[in-house]
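A.B. asks: Structure below; questions to follow.
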Amino acid sequence: MKRKLFTLLLSGLTFGAFSQGNVYKLESGKYEGLAMTPPMGWNSWNTFETNIDEKLVKETADIMVASGMAAAGYNYIVLDDGWMTKERNANGDLVPDPIKFPSGMKALVDYVHSKGLKFGLYNCAGTHTCAGYPGTRGFEYQDARFYANLNIDFLKYDWCNTEGINAKEAYTTMSNALKTAGKPIVFSLCEWGGNEPWNWGKPVGSLWRISGDIYPCFDCEHKHEGNWSSWGFMKILEMRKDIRKFSGPDHWNDFDMLEVGNDMSYVEDKSHFAMWCMMASPLIAGNDLRKMSKETLAILTNKELIAVNQDKLGIQGFKYTAEDGLETWVKPLSDGNWAITFLNRSDSEKQINFDWKNNSIKDADFGYEADFANSIYRIKDLWKNKEFGTTKKSFKAKIQSHDVITLKLIK
Ligand code: GLA
């Protein structure tokens, strides 16, 4: 009796609760340190929507390894919306769709792990997911235990059907539930930016979407029935102002999953990839790896560009100049180096003529500076993987419409 009372008191002191006679300690705050560089992987949504199954996942995992993508850094395989049945079971648990996943979700997670990769799932803070499957609202701790038992590594948590609830509270509850369940899981907030997760998301998750959904086009707005739009990558790139200071190691602004290999031209795919690298966005491929062209694979596995994205300083780049459709974007890198991308967003070819010594770049948010009048950098073209001179001489090149040239300036 005395011991029971003592346990009760102790659990009260540690804000614990009882579960099946055991002390069940409630934890709070995200798992720290799970995403010190922007997460890289693959997600099913952009190509397959809810048409997913275990064969697709296994083939994707196999190709991720065989193609060299895993070696280049892609390690998460994330199943988006549509992996469940439309109802929870009698215990209130989520049910992986037995037709899509006849061997069971645990076997699939184990398969992906056996390839040296990590596994992610999707759900939603609302009553239902965006595609109408059971949402987590009211089941946060139960679902977190379900994911921990499956041994998954990543949870994307969406924002459909959330009328009347507070975003910060809803995401914090799920974050605490994951922490309490005891398995380190990267928590990926998919709130689209309306509630400004960059202002409160750092203790809650490792990345947060900053926009509505991406669409495979350069700069279009794609309107859907029901009054919502998805966005070309240039639209997302410029949708939010002044939020780069909120992004960094373990708390990334997420510009949405990649559309490389999904219908855009080769140069647009290059530009999309380069800009996601410049912005230190998570790099989550969204194409069908089984049908990927050599060019698509070469873009996705460009080691030099990936190194810009994964640079340990973890600083999001910014636009430095824009003139007549020709822009320069810059990103401070570790060791005093910089990445600079020339981006031609106009419809015609342009001539670049960049005189370094008349330029001095100042990063007002993080305090980095590159003064080309007083210091000289070596230059490497990251698409050609070639060093070619220094900032003593002006950089001159032709650049096609919608194309990019990305250079690394080495101090
Ligand atoms: C939302 C998200 C997408 C995707 C779908 C799934 O639109 O923003 O990334 O997860 O839901 O229904």
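A.B. asks: I'm trying to understand the selection: among the residues of the stretch 145-166, which are under 21 Å from the mean Cα position of the chain (by Cα), surrounded by 19 or more Cβ atoms within 10 Å (Cβ to Cβ) and farther than 25 Å from Ala71 by Cα? Full working, then the answer.
C.D. replies: First, the residues of the stretch 145-166 that are under 21 Å from the mean Cα position of the chain (by Cα): 147, 151-160.
Still in the list and also surrounded by 19 or more Cβ atoms within 10 Å (Cβ to Cβ): 147, 152-159.
Residues satisfying the conditions are Tyr147, Tyr157, Asp158, Trp159.
A.B. asks: Right, here's the next one. If a residue must be under 30 Å from Ser334 (Cβ atoms), open to solvent by less than 20 Å² (accessible area, probe 1.4 Å) and not in a strand (DSSP E or B), how many such residues does the stretch 212-243 contain?
C.D. replies: 5
A.B. asks: Any chance you could count how many residues in the stretch 244-257 are within 15 Å of the ligand (Cβ to nearest atom) and assigned to a loop (DSSP other than H, G, I, E, B)?
C.D. replies: Final tally of qualifying residues: 3.
A.B. asks: Shifting gears a bit: Within the bounds of the stretch 28-37, is there any residue that is free of Cβ contacts under 8 Å to residues at least 12 places away in the same chain and open to solvent by 10 Å² or more (accessible area, probe 1.4 Å)? If you could, list the steps in order and put the result at the bottom.
C.D. replies: First pass over the stretch 28-37, keeping only residues free of Cβ contacts under 8 Å to residues at least 12 places away in the same chain: none.
Taking every residue of the stretch 28-37 in turn, none turns out to be free of Cβ contacts under 8 Å to residues at least 12 places away in the same chain and open to solvent by 10 Å² or more (accessible area, probe 1.4 Å).
A.B. asks: Just the residues that are within 12 Å of the ligand (Cβ to nearest atom) and without any contact (Cβ under 8 Å) to a residue 60 or more places away in the chain, please, taken from the stretch 194-215.
C.D. replies: First, pick out the residues of the stretch 194-215 that are within 12 Å of the ligand (Cβ to nearest atom): 194, 208-215.
Selection gives Gly194, Trp208, Arg209, Ile210, Ser211, Gly212, Asp213, Tyr215.
A.B. asks: Another question about this same structure. Please tell me if Phe273 is away from the ligand (no atom under 16 Å from the Cβ), under 17 Å from the mean Cα position of the chain (by Cα) and not acidic (Asp, Glu).
C.D. replies: Numbers: away from the ligand (no atom under 16 Å from the Cβ): yes; under 17 Å from the mean Cα position of the chain (by Cα): yes; not acidic (Asp, Glu): yes.
So Phe273 passes the test.
A.B. asks: Next question. Tell me, yes or no, whether the stretch 48-58 has at least one residue that is within 16 Å of the ligand (Cβ to nearest atom), part of a loop (DSSP other than H, G, I, E, B) and surrounded by fewer than 16 Cβ atoms within 10 Å (Cβ to Cβ).
C.D. replies: Yes: the stretch 48-58 contains one or more residues that are within 16 Å of the ligand (Cβ to nearest atom), part of a loop (DSSP other than H, G, I, E, B) and surrounded by fewer than 16 Cβ atoms within 10 Å (Cβ to Cβ).
A.B. asks: Kindly indicate which of Glu225, Glu191 is closer than 15 Å to Asp256 by Cβ and out of contact with any Leu (no Cβ under 6 Å at 6 or more places or on another chain). Talk me through it step by step, then tell me what you get.
C.D. replies: Values: Glu225 fails: closer than 15 Å to Asp256 by Cβ.
Just one listed residue meets the conditions, Glu191.
A.B. asks: If you don't mind, there's one more thing I want to ask. Are there any strands (runs of 3 or more DSSP E) wholly within the stretch 299-354 with 2 or more residues that are touching a Leu at 6+ places or on another chain (Cβ under 8 Å), and if so which?
C.D. replies: 326-332, 338-344, 350-354
A.B. asks: What number of residues within the stretch 264-305 are open to solvent by less than 10 Å² (accessible area, probe 1.4 Å) and of a type in the set (Val, Ile, Thr)?
C.D. replies: Residues meeting the conditions: 1.
A.B. asks: Checking the conditions here, which among Gly314, Gly336, Gly367, Gly325 is on the phi > 0 side of the Ramachandran plot and either without any contact (Cβ under 8 Å) to a residue 24 or more places away in the chain or among the aromatic types (Phe, Trp, Tyr) (or both)?
C.D. replies: One residue alone meets the criteria, Gly367.
A.B. asks: Just the residues that are open to solvent by less than 40 Å² (accessible area, probe 1.4 Å) and more than 10 Å from Phe318 (Cβ to Cβ), please, taken from the stretch 356-369. Step through it out loud before you land on a result.
C.D. replies: Let us first name the residues in the stretch 356-369 that are open to solvent by less than 40 Å² (accessible area, probe 1.4 Å), namely 356, 359, 361, 363.
Selection gives Trp356, Asn359.
A.B. asks: A follow-up question, please. If you go through the stretch 233-243 one residue at a time, how many are β-branched (Val, Ile, Thr) and within 14 Å of the ligand (Cβ to nearest atom)?
C.D. replies: Going through the stretch 233-243, the residues β-branched (Val, Ile, Thr) turn out to be 236, 243.
Pick out the ones that are also within 14 Å of the ligand (Cβ to nearest atom) and you get 236.
The number of residues fulfilling the criteria is 1.
A.B. asks: Looking only at helices (runs of 4 or more DSSP H) that lie completely in the stretch 78-193, which have at least 2 residues being of a type in the set (Ser, Thr, Tyr) and within 15 Å of the ligand (Cβ to nearest atom)?
C.D. replies: Output list is empty.
A.B. asks: Ok, one more. Phe187 fails exactly one of the following numbered conditions: (1) closer than 22 Å to Gly120 by Cα; (2) open to solvent by less than 60 Å² (accessible area, probe 1.4 Å); (3) out of contact with any strand residue (DSSP E or B) (no Cβ under 8 Å at 6 or more places or on another chain). What is the number of that condition?
C.D. replies: Phe187 satisfies every listed condition except (3).
A.B. asks: Considering only the stretch 59-77, how many residues are exposed (fewer than 15 other Cβ atoms within 10 Å of the Cβ) and within 16 Å of the ligand (Cβ to nearest atom)?
C.D. replies: 0
The values are calculated or read from the model by the stated rules, or taken from the named source; none is laboratory data. The shown structure was predicted, so the numbers you read here are calculated from the model rather than taken from an experiment. Cβ coordinates were reconstructed from backbone atoms using ideal geometry, including for glycine residues, and neighbour counts include every protein chain displayed. Note: accessible area is taken over every heavy atom of the protein model, side chains too, but ligands, DNA and RNA are not part of it. Shrake-Rupley method; radii C 1.70, N 1.55, O 1.52, S 1.80 Å.
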